[in-house]
Amino acid sequence: MEKDRAVDGKQSQTNKKWSQLKSGQKDWIAQQMKLEYAKFVEVENRLPNKDEKEALISIVYQLIGEKGIWIAYHDIKKRFL
C-alpha cells in the first residue's frame, strides 16, 4: 500500500524506493552522506561505529525531507550501512 502526502496541493509518494528516485536525487543524497561522514571523521579523527552511522543516516534523512524528496527511511539505511 502506497502512502501519499499532499505538498502544495500535489500528491507525493512517500515510500519510494532508491531505484525510483531520479539520478540527481540519488547523487544529492549520496553527496550529503559523504559530507556528513567526512565531517564526522574530521571532528572525531576516527571512523564512526554502528550507532554513530545510524545518527549520520538520521541527519541525512532529515535533510532529504527538507529537500522534499520522499523515500522510506529503511531504504536510505540499507543503502548506506
Single unsatisfied condition, Glu54 versus (1) at pLDDT below 95; (2) surrounded by 13 or more Cβ atoms within 10 Å (Cβ to Cβ): (1)
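Working only within segment 59-76, note down all residues that are touching a Lys or Arg at 6+ places or on another chain (Cβ under 9 Å), in a helix (DSSP H, G or I) and either among the basic types (Lys, Arg) or within 17 Å of Leu35 (Cβ to Cβ) (or both). Explain how you work it out, then say what you get.
Taking segment 59-76 and keeping what is touching a Lys or Arg at 6+ places or on another chain (Cβ under 9 Å), we get 61, 69-72, 75.
In the following step, the residues that additionally are in a helix (DSSP H, G or I) were identified as 61, 75.
Of everything in segment 59-76, just one residue is touching a Lys or Arg at 6+ places or on another chain (Cβ under 9 Å), in a helix (DSSP H, G or I) and either among the basic types (Lys, Arg) or within 17 Å of Leu35 (Cβ to Cβ) (or both), namely Tyr61.
The values are calculated or read from the model by the stated rules, or taken from the named source; none is laboratory data. Because the structure is a prediction, the values reported are computed rather than measured. Virtual Cβ from ideal backbone geometry, glycine too; neighbours counted across all protein chains shown.
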